[in-house]
1. Which ones in segment 93-113 are assigned to a loop (DSSP other than H, G, I, E, B), within 17 Å of Asp74 (Cα to Cα) and under 14 Å from the mean Cα position of the chain (by Cα)?
2. Here's a check for you: in segment 111-128, which residue that is touching a residue at least 12 places away in the same chain (Cβ under 8 Å) and of a type in the set (Val, Ile, Thr) is surrounded by the most Cβ atoms within 10 Å (Cβ to Cβ)?
3. Counting only residues that are part of a helix (DSSP H, G or I) and either touching a strand residue (DSSP E or B) at 6+ places or on another chain (Cβ under 7 Å) or of a type in the set (Gly, Ala, Ser) (or both), which one in segment 79-92 is surrounded by the fewest Cβ atoms within 10 Å (Cβ to Cβ)?
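The values are calculated or read from the model by the stated rules, or taken from the named source; none is laboratory data. Quick caveat, the model's predicted, so the values are computed rather than measured. Positions of Cβ are generated from backbone atoms using ideal geometry, with glycine treated the same way; all protein chains shown enter the neighbour counts.
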Amino acid sequence: MCRHLSRLARFVWATALVLYPLYLTAQGTDYANLSASEAARLIRERKINSRDLVTALLARIDADQDLHAFITVDREGALKAAAAADDARSQSISLPALHGVPIVIKDNIHVASLPNTAGTPALRNFVPNQ
């Protein structure tokens, strides 16, 4: 089944596959071990922001590259979406409960302009355009 996701949805990616603790702290918060609901609560309470959360999770991915847990990491897209989420939060408008919380998009889900290999060497050059 093929799903198309917007850039903002793509951003919400990192927490699902974080495998070991990373102790990048802001006010004593261990970002890598936050559940999605904990991260959302801390973001809503303005104790952390999406940019810092994404930056910490990207650092965690870098620290554990030997695990090969990710095929493609859209750093630029994740950081850009995190900044947009933080900007939206600063406008004090009504936002969805998980707004600004990163997630992982599995490699068999189409995301425009990102490789979609489904873990198959035959698809290593496939990049959906929508």
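1. Residues satisfying the conditions are Gly100, Val101, Pro102, Ile103, Val104, Ile105, Lys106, Asp107.
2. Here the answer is Val111.
3. Filtering segment 79-92 for residues that are part of a helix (DSSP H, G or I) and either touching a strand residue (DSSP E or B) at 6+ places or on another chain (Cβ under 7 Å) or of a type in the set (Gly, Ala, Ser) (or both), the one surrounded by the fewest Cβ atoms within 10 Å (Cβ to Cβ) comes out as Ser90.
Listed here are the residues, each with its yes/no results for (1) outside any helix (DSSP H, G or I); (2) at pLDDT 90 or above; (3) within 26 Å of Asn108 (Cβ to Cβ).
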position: Arg3; (1), (2), (3): yes, no, yes
position: Pro21; (1), (2), (3): yes, no, no
position: Ile48; (1), (2), (3): yes, yes, no
position: Arg51; (1), (2), (3): no, yes, no
position: Thr55; (1), (2), (3): no, yes, no
position: Arg60; (1), (2), (3): no, no, yes
position: Glu76; (1), (2), (3): no, yes, yes
